[in-house]
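Please see the structure below; I have some questions.
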Amino acid sequence: MRYFEDLKVGDKFNTAEYEMTAAEIIAFGQKFDPQPFHTDPAAAGGTLFGRLVASGWHTAAVSMRLMVLGEMALDGGVIGQGMESLRWPRPVLPGDRLRVVTEILELRDAPARPERGLIKLRCRTYNQDGKVVQEMTATLLAARRPKL
């Protein structure tokens with residue numbers, strides 16, 4: 001596990017891949033984002049996308065899972081403090097294989113929590129063709145190494 005002190009600006013961490021299935025896209029859409037382009041392949045044909053696409057929130061949830069299970073492996077977990085930006089430059093399609101690359105942009109003290117530090121990072125989610133499907137800039141709280 002990594003502590004705040006183990007990180008430096010510019011560090012990059014990778015994740016495994018995750019394949020998005022049509023069944024999963026439809027199930028997520030039906031439950032959380034019930035729009036025809038997320039829930040019905042036939043109806044999706046008549047929409048802006050012209051086919052079934054994953055909800056951006058589904059992409060965000062999968063990206064979070066990948067990040068938590070990825071190389072960064074923060075001691076105490078991935079604890080978000082907030083997000084500066086979140087964008088979905090292209091749709092995620094059934095069969096897309098997603099992976100995330102996280103880059104440390106800034107490290108600073110957390111004055112209200114001296115046992116933790118703040119990490120500003122950029123997370124880019126890529127499909128199997130290396131195209132960015134999600135980009136997020138966020139701040140996390142990270143545990144400092146315990147003093148002995």
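Taking into account only those residues within region 122-148 that are of a type in the set (Lys, Arg) and in contact with a helix residue (DSSP H, G or I) (Cβ under 7 Å, 6 or more places away or on another chain), which is least open to solvent (accessible area, probe 1.4 Å)? Reasoning before the result, please.
Here is the first cut: in region 122-148, the ones of a type in the set (Lys, Arg) are 122, 124, 131, 144-145, 147.
Okay, now just the ones that are also in contact with a helix residue (DSSP H, G or I) (Cβ under 7 Å, 6 or more places away or on another chain), so 144-145.
On the way: 144: 60, 145: 110 Å².
Taking the candidates together, the pick is 144.
Just to verify a result, which residue in region 16-26, among those that are open to solvent by 30 Å² or more (accessible area, probe 1.4 Å) and part of a loop (DSSP other than H, G, I, E, B), is farthest from residue 78 (Cα to Cα)? Spell out the reasoning first.
If we filter region 16-26 for residues that are open to solvent by 30 Å² or more (accessible area, probe 1.4 Å), which is where we start, we get 16-19, 21-24, 26.
Right, trim to part of a loop (DSSP other than H, G, I, E, B) and you get 16-17, 21.
On the way: 16: 17, 17: 19, 21: 26 Å.
Here the answer is 21.
Right, here's the next one. Among the numbered criteria (1) in contact with a His (Cβ under 9 Å, 6 or more places away or on another chain); (2) of a type in the set (A, V, I, L, M); (3) surrounded by fewer than 17 Cβ atoms within 10 Å (Cβ to Cβ), which single criterion is violated by residue 69?
Looking at each condition in turn, residue 69 falls short on (1).
Taking region 77-121 as the search range and keeping residues that are small (Gly, Ala, Ser) and farther than 19 Å from residue 15 by Cβ, which one is surrounded by the fewest Cβ atoms within 10 Å (Cβ to Cβ)?
So the first thing to find is which residues in region 77-121 are small (Gly, Ala, Ser), and the list is 77, 80, 82, 85, 95, 110, 112, 117.
Now restrict to residues that are farther than 19 Å from residue 15 by Cβ: 82, 85, 110, 112, 117.
Numbers: 82: 8, 85: 9, 110: 17, 112: 6, 117: 19.
Filtering region 77-121 for residues that are small (Gly, Ala, Ser) and farther than 19 Å from residue 15 by Cβ, the one surrounded by the fewest Cβ atoms within 10 Å (Cβ to Cβ) comes out as 112.
The values are calculated or read from the model by the stated rules, or taken from the named source; none is laboratory data. Because the structure is a prediction, the values reported are computed rather than measured. As a convention, Cβ positions derive from the backbone with ideal geometry for all residues, glycine included, and neighbour counts pool all protein chains shown. Each accessible area value is taken on the protein alone, full model and side chains, heavy atoms only, with ligands, DNA and RNA left out. Shrake-Rupley method; radii C 1.70, N 1.55, O 1.52, S 1.80 Å.
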